[in-house]
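Taking it in order: structure first as structure tokens, then the write-up.
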There are 4 protein chains.
Amino acid sequence: MASKNEATARGSRRRTDAAGGAGAGGGGSARRAQLLAIAAEMFATRGYTQTTVRDIADEAGILSGSLYHHFDSKEAMLTEILRDFMGNLLGEIREIAKAEESPRAALDGLIYNSFETIHRVPFAVALYQNESALLTSTPEFAFVTKASLDVEKVWLGVLKAGAGAGDFRADLDPGLTYRFIRDAIWSTVRWYNPRGRLQHRTVADQYLEMLHGGLLA
Amino acid sequence: MASKNEATARGSRRRTDAAGGAGAGGGGSARRAQLLAIAAEMFATRGYTQTTVRDIADEAGILSGSLYHHFDSKEAMLTEILRDFMGNLLGEIREIAKAEESPRAALDGLIYNSFETIHRVPFAVALYQNESALLTSTPEFAFVTKASLDVEKVWLGVLKAGAGAGDFRADLDPGLTYRFIRDAIWSTVRWYNPRGRLQHRTVADQYLEMLHGGLLA
Amino acid sequence: MASKNEATARGSRRRTDAAGGAGAGGGGSARRAQLLAIAAEMFATRGYTQTTVRDIADEAGILSGSLYHHFDSKEAMLTEILRDFMGNLLGEIREIAKAEESPRAALDGLIYNSFETIHRVPFAVALYQNESALLTSTPEFAFVTKASLDVEKVWLGVLKAGAGAGDFRADLDPGLTYRFIRDAIWSTVRWYNPRGRLQHRTVADQYLEMLHGGLLA
Amino acid sequence: MASKNEATARGSRRRTDAAGGAGAGGGGSARRAQLLAIAAEMFATRGYTQTTVRDIADEAGILSGSLYHHFDSKEAMLTEILRDFMGNLLGEIREIAKAEESPRAALDGLIYNSFETIHRVPFAVALYQNESALLTSTPEFAFVTKASLDVEKVWLGVLKAGAGAGDFRADLDPGLTYRFIRDAIWSTVRWYNPRGRLQHRTVADQYLEMLHGGLLA
DNA sequence: AATGAATGAGTCTTCATTCAT
DNA sequence: AATGAATGAAGACTCATTCAT
């Protein structure tokens, strides 16, 4: 009966600061971030649906029910992970697009940033990459699609400016170009190993080479 | 998944012929293919885990238990879909690599073939693309990983031959190049609409343009 | 995610015939009615919330999950019990109010019918009587409140007609009179024992005596 | 309910004095009464089982765990509410039965007192009225049943005395008469609104009219 | 007097699978 | 080839209660 007590008084103890990592205040949220990190990794590697709430709790060393002291639901954990990720990402790329002088420098900046992001928060990226079926079919995750479109706008802005300024070839469709770059880069999260011998910087350089000059000799 | 899988009394009715065509056997094959097509589409769009056996049965107009007359398990359906897909794919690209004269023509052929495949069997491709977590973690699906490596071998052969022959730039790492191309192309399955106005041929041409000459003017 | 798949294809196998008891067709719904009877008794005696789905299944000799082959949810069971009950009740009292000649005869008929109902389906009556907190607070059960109002209309019609015709005292408020009678009668379900020595007819006669002539000598 | 109840180290702080009044003790009593009032209202309106300890705590502006500083358990709260209520009730009606001169005056006094009680402590009455399943099935609440029997004895004494004295009709069974009156009156708690336009005195007068003289003109 | 983190047992519900008919 | 009833294991979530601080 009334299975969903929507937005109960229990409320969300969600932190508002988007900073995340850094040594924030003395608050009680340390545990929260820790649990979220565990969840992100498991969601990313096993898949959201395949990860049980008990998997996460086991890994954290508590009982599954205890997770609900920190989060309203399993879905709420995913939401929070993705919201943080998309928010940070959008902020960063807007910064880059604004700061760089030429469209070409901006594009390179965006690409380097993408690889850094994959290196820094591989699980969030993988989640975003692998759970597209879930993310696009459930209205609860509409914010992800919206943020994606915002990201696309920034990239398209750079690409179009570059085509206009003569930095980039004008015979390529910017929309297709964006998808081409985006898919090639974000997909690396599936095989890139942050602790492997291939540095993200190296991969970025090689990818930039290919993107700049093409494959043909 | 499938707690007791091996050696069921019922045995495996799995067909080995990838042809799938005309009314050869006892007559049950048509229904079988039909059910498999339904399953593939649902697996691809909702995700394998999120798709229930009853979803498939509902769509087929039968009860979920009745599906077990045709297949041993839900997993068996996925296995069959992927086995058919990987088998066909491998056959085709080997053909292409062998038939084409130059490495460059071979690479173009492989790329065109990829887009055609996405156009023809988008659900199988999406499955292969989206269920990586499942496919790599479950030993039952090791054959997929193996076939992927076989595919990679063919592509790498072409790329290396092309670098040796002076078709392609020699300063690019063939492994990274392969992944770059592969990821960019196969990812299109997520947004490519077979019935949309963008023809697969058009996308292929644009992608080839970018790959050949790069982005810079 | 989408925890409530509202009105799924699974649908309700609910029978439309309101007859209930009688030896209906050969259909497969026999089990359904049986399970509903078990549920009604337990809901009534232990309370809806205190009755677990496993209590019901245990009593029926199946596993709790198997109940979901017959009903969509625990709540759906309660809904069906109450819907049947209220539907039948309303049909009967409308019949009586229409058929009887005088308001006084109609009132007596309604009262006798109430006691018969308590005798026949004590659990449904008890449910209706005891779960008022649940029934009035949850929108899913608004139909019960609505049916109650319809019942009230019939009784009020009789009472007002009787006051106008001189059958009943005119100095009493019909609304209060209705509640007075209704509450006194329906409450008997809490202590009336269908298999006890006090026959429902006897109780009805005594109550009618009190209602007709009052307590004073 | 309360899996390990007896012999908690903490001991029972249960107060025995039913007075509840002025700031006598250490000062913690005010909060205690306040919490009990909140609990009573919620138990009455939502039902005991449906009310969670956190519901009560939320309403009181504290965390659920903090409630256990004041009460041993959720059940202890209900026990205390009911014990106070039944104790007071019994005291009052014994007073009335003793004080009034004639059985008829005594009966009227009891009835007026009932309506006053409903007006004064509607939640306790509702609890007593609605939680019969719980109250009769759990041995912890046997004291309620016992007090009810004591109440019944007082009423029956008055009714029998009245029948003997010729105040009341002698052809009515006193037991049934008692239940009739009791159920009709206490049930009003379900629809009576202390702050509505219908005063409890008015309802009492109308009910007395019906009870005294009956419905027939 | 209250917090906040956790427990442990239980609740409803889902779902792949089986099997007699 | 399919039905319909059932299994059994698991899953997300709830909630009274405890306890160190």
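A few remarks follow.
- Sole residue being within 16 Å of DNA strand F (Cβ to nearest atom), β-branched (V, I, T) and farther than 30 Å from B:A161 by Cβ, chosen from B:T79, B:T138: B:T138
- Per the listing C:R120, C:R54, the residue uniquely surrounded by fewer than 20 Cβ atoms within 10 Å (Cβ to Cβ), closer than 30 Å to D:Q50 by Cβ and assigned by TED's automatic domain parsing to the domain that holds C:Q34 is C:R54.
- Complete set of residues in segment D:137-175 that are closer than 14 Å to D:L82 by Cβ and of a type in the set (A, V, I, L, M): D:A142, D:V144, D:A147, D:V151
- Within segment A:162-179, the set of residues being out of contact with any strand residue (DSSP E or B) (no Cβ under 7 Å at 6 or more places or on another chain) and small (G, A, S) comprises A:A163, A:G164, A:A165, A:G166, A:A170, A:G175.
- Within segment D:125-146, considering residues that are among the small types (G, A, S) and in contact with a helix residue (DSSP H, G or I) (Cβ under 8 Å, 6 or more places away or on another chain), the one nearest to the other protein chains (Cβ to nearest Cβ): D:A133
- Hey, C:T45 within 14 Å of DNA strand F (Cβ to nearest atom) and touching a Ser or Thr at 6+ places or on another chain (Cβ under 9 Å) or not: no
- Exactly one residue out of B:I118, B:I111, B:I93 is more than 14 Å from every other protein chain (Cβ to nearest Cβ), touching a Phe, Trp or Tyr at 6+ places or on another chain (Cβ under 8 Å), β-branched (V, I, T) and more than 16 Å from DNA strand F (Cβ to nearest atom), and it is B:I93.
- C:A40, sole failed condition from (1) under 30 Å from D:L135 (Cβ atoms); (2) in the same structural domain as C:L208 (by TED's automatic domain parsing); (3) crowded, with 18+ Cβ neighbours inside 10 Å; (4) modelled with pLDDT of 95 or more: (2)
- Selection from segment D:39-77 of residues that are under 16 Å from the mean Cα position of the chain (by Cα) and without any contact (Cβ under 8 Å) to a residue 24 or more places away in the chain: D:M42
- Failed criterion for C:I81 (all others in (1) surrounded by 21 or more Cβ atoms within 10 Å (Cβ to Cβ); (2) more than 14 Å from chain D (Cβ to nearest Cβ); (3) closer than 26 Å to C:D205 by Cβ; (4) not hydroxyl-bearing (S, T, Y) hold): (3)
- Residue within segment A:135-154 that is in a helix (DSSP H, G or I), at pLDDT below 95 and of a type in the set (S, T, Y) present: yes
- Count - residues of segment C:123-157 that are touching a residue at least 12 places away in the same chain (Cβ under 8 Å) and either touching a Lys or Arg at 6+ places or on another chain (Cβ under 9 Å) or surrounded by fewer than 19 Cβ atoms within 10 Å (Cβ to Cβ) (or both): 16
- Which numbered condition B:G196 misses (of (1) more than 28 Å from B:R83 (Cβ to Cβ); (2) at pLDDT 95 or above): (2)
- Within segment A:164-179, the set of residues being outside any helix (DSSP H, G or I) and surrounded by 15 or more Cβ atoms within 10 Å (Cβ to Cβ) comprises A:D167, A:F168, A:R169, A:L172, A:D173.
- Of all residues in segment C:180-217, exactly one satisfies the criterion of being in a loop (DSSP other than H, G, I, E, B), more than 9 Å from chain D (Cβ to nearest Cβ) and small (G, A, S), namely C:G196.
The values are calculated or read from the model by the stated rules, or taken from the named source; none is laboratory data. None of these values were measured; they are calculated from a predicted model. All Cβ positions, glycine included, derive from the backbone under ideal geometry; neighbour counts span all protein chains shown.
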